[in-house]
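To start, the structure under review is shown below, and the notes come after it.
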Amino acid sequence: MEIKVLGPGCYNCQQLEKTTINALAELDVAANVTKVTDFKEIAKYTMATPGLVIDGKVVSQGRVPTKDEIKRWVKAAQNP
């Protein structure tokens, strides 16, 4: 599973990364979590940061979702 955290490195972006890693740990799911800070790369997905992309699909943008939301999206990505 490929997960991208989109954002310039602001507080909310850091929170999203931490929450995502915690959600993956609770689910015991292995994933490649990448932090994307390049604006050109971010713009390919969204203009609202922070953003979360799971396996190429934007699942959240412009806010920090809850850990439960992230867990639900990860589970859905595992069972398309």
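Where a number appears in this text, it was derived from the coordinates with a stated rule and is not lab data. Just so it is clear, the model here is predicted, and its values are computed rather than measured. Please note: Cβ atoms are built from the backbone with ideal geometry, for glycine as well, and neighbour counts cover all protein chains shown.
Quick rundown of the values:
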item: Value of D in µm² per second that Stokes-Einstein yields for the chain, Kirkwood Rh from Cα pairs, at 10 °C (1.306 mPa s); result: 130 µm²/s
item: Between 0 and 90°, nearest 10: helix 11-27 axis offset from the chain longest Cα axis; result: 20 degrees
item: Cut-off of 10 Å, at most 14 other beta carbons, DSSP loop: longest stretch of the chain lacking such trypsin sites (Lys or Arg not before Pro); result: 1-43
item: In the chain, the chymotrypsin sites (Phe, Trp or Tyr not before Pro) that fall in loop regions by DSSP, at most 15 other Cβ within 10 Å; result: none
item: Greater than 20 Å apart at Cα, pairs in 18/71; 4/44; 40/67; result: 40/67
item: DSSP-defined antiparallel bridges as percent of all bridges, the chain, nearest 5; result: 60 percent
item: Cα-centre dipole for the stretch 2-78 with unit charges at Cβ (Lys and Arg positive, Asp and Glu negative), debye to 20; result: 160 debye
item: Reachable aspartates and glutamates, given that their alpha-carbon falls under 16 Å from the alpha-carbon of residue 57 and they are not under 8 places away in the same chain; result: 2, 41, 69
item: Helical mean residue ellipticity (222 nm; -39500 (n - 2.57) per DSSP H run of 4+; nearest 500) of the chain; result: -13000 deg cm²/dmol
item: Gain on full stretching of the segment that runs from residue 40 to residue 11 - 0.36 nm per residue minus C-alpha separation; result: 8.4 nm
